[in-house]
Amino acid sequence: QVQLVESGGGLVQPGGSLRLSCASSGSIISFDVMGWYRQAAGKQRELVATITNGGSTNYADSVKGRFTISRDNAKRTLYLQMNSLKPEDTAVYYCNFKRFLSRTEYWGQGTQVTVSS
């Protein structure tokens, strides 16, 4: 069983930046895809960004050019650098790790990001 602990959320003004972290209790090398999702109040959870074991990245159109996903295998941590934040980025952000062969996935507990002046 893998535990994922997120951190880095908070209140930031429009145009500001935050970096989210998702620390794993175990090695992350075996995960095929890791990603960040978000859920705004009253809305469905949506994909923000993913990164594969090989380092390929994918972003939602709404965050392209502003957010950057990365991983540090040695630190067993997934990151999301968020720049030029907008009020519409306000949501609870969740990290997600998937293994395809075993069809397993793990979620973090979520971290609140609020963009407001």
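Quick look at the numbers
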| quantity | calculated |
| --- | --- |
| Candidate aspartates and glutamates - alpha carbon under 16 Å from LYS75, same-chain residues fewer than 8 apart omitted | GLU6 |
| Total formal charge among the other residues, if their Cβ is under 15 angstrom from that of THR77, Lys/Arg +1 and Asp/Glu -1 | +2 |
| Filtered trypsin sites (Lys or Arg not before Pro), the range 1-82: DSSP coil and at most 12 other beta carbons within 10 Å | LYS43, LYS64, LYS75 |
| Heavy-atom accessible area per residue - the chain, 1.4 Å, Å² | 53 |
| Within the accessible area of the chain (1.4 Å probe), percent carbon and sulfur | 48 |
| Computed log₁₀ I(q)/I(0) - Debye formula, equal Cα scatterers, no solvent, the range 18-86, q 0.15, 0.28 Å⁻¹ | -0.49, -1.33 |
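The values are calculated or read from the model by the stated rules, or taken from the named source; none is laboratory data. Bear in mind the structure is a predicted one, so any value in this text is a computation, not a measurement. Counting neighbours? That spans all protein chains shown, and the Cβs are built from the backbone with ideal geometry, glycine included. SASA here: full protein model, heavy atoms, side chains in, ligands and nucleic acids out. Shrake-Rupley method; radii C 1.70, N 1.55, O 1.52, S 1.80 Å.
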